[in-house]
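I have placed the structure first, in the form of C-alpha cells, so that the comments after it can refer back to it.
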Amino acid sequence: MISQEDLIKVFIVRGIVFVEEQGVSYNIEHDEHDFSATHILGEMDGEPFAAGRIRAVGEYAKLERVAIRKQYRGKGLGHKLTEFMLFVAKEQGFKKFKVHAQSYLADFYKQHGFEIVGDIFKEAGIDHYLMIRDDSG
C-alpha cells in the first residue's frame, strides 16, 4: 500500500508532466479511479521523477498515467518503469495488459510487447492508440 506522502509525490509528477507540459486539464488528469488504482512511484535521491498507475479493467491490467519528468528522460527509466508496472500487474494475477499510448509512444510500447488495436483516437485532446499485450497463451 502506497503511503499518503508517496501518493502526493505521484500526483506532483503527474501534474508536472500532464498538466504543465502537455496542457491536460486537472479535471481530466485526476479522476475517480485514483482512489482504487495501484500507484507506482519512482524516486532518485529522494526526488520523485516517475509515476504510473495500474487499474483492473475486466481481465486486463491497464497501465495509465505513465509519466517521467523531462530532466529524467532519455536514460531508460521509462522502460524500467513500464517493466516494473508489468511485473506488479503480473504479481496481481494479470496476464493481459492494455494501455492508451500517446501516438508518439507507440514504438516505445511495442518494445514491451504491446500491439496497436484499432485506429488512432483523441484522449484529453492528444492522439492515442489502444495497445494490447496478451501473455495468456
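The values are calculated or read from the model by the stated rules, or taken from the named source; none is laboratory data. The structure presented is a predicted model; accordingly, all values stated were derived computationally and were not measured. For neighbour counting, all protein chains shown are included, and Cβ atoms are generated from backbone atoms with ideal geometry for every residue, glycine included. Heavy atoms of the whole protein, side chains included, go into the accessibility calculation; ligands, DNA and RNA do not. Shrake-Rupley method; radii C 1.70, N 1.55, O 1.52, S 1.80 Å.
Things to note:
- Distance between region 64-118 and region 1-60 - C-alpha centres, whole angstrom: 14
- Of all segments of the chain bounded by trypsin sites (Lys or Arg not before Pro) found in a DSSP loop with no more than 13 other C-beta atoms within 10 Å, the longest spans 1-72.
- Spin-label pair residue 28/residue 73, simplified geometry with 7 Å Cα→Cβ offset, distance in nm: 1.8
- A simple charge model with +1 on the Cβ of Lys and Arg, -1 on the Cβ of Asp and Glu and nothing else charged puts the dipole of the chain at about 280 debye relative to its Cα centre.
- Ligands, DNA and RNA left out, the accessible area of the chain computed with a 1.4 Å probe is 51% carbon and sulfur.
- Sequentially through region 12-22, phi angles give Karplus couplings (6.51, -1.76, 1.60; θ = phi - 60°) of 5, 4, 5, x, 4, 6, 7, 6, 6, 6, 9 Hz, Gly and Pro residues having no value and appearing as x.
- When the Cα positions of 58, 72, 112 are compared along the charge dipole of the chain, 112 comes out farthest toward the positive end, with charges on each C-beta of Lys, Arg, Asp and Glu.
- Enclosed volume per residue, in Å³, of the convex hull spanned by Cα atoms of region 18-73: 100
- Using a Förster distance of 30 Å, the FRET efficiency for residue 127-residue 91 (Cβ separation, nearest 0.05): 0.40
- With R₀ set to 35 Å, the beta-carbon distance separating residue 117 from residue 45 gives a calculated FRET efficiency near 0.35.
- Total formal charge among the other residues, if their Cβ is under 11 angstrom from that of residue 96, Lys/Arg +1 and Asp/Glu -1: +2
- Recomputing Rg and Dmax of the Cα atoms in Å from the coordinates shown identifies the correct label among (i) 19.8, 60; (ii) 18.7, 60; (iii) 14.2, 41 as (iii).
- At a probe radius of 1.4 angstrom, the accessible area of the chain per residue rounds to 56 square angstrom.
- Its residues counted as N, region 44-105 yields a C-alpha radius of gyration over 2.2 N^0.38 Å of 1.17.
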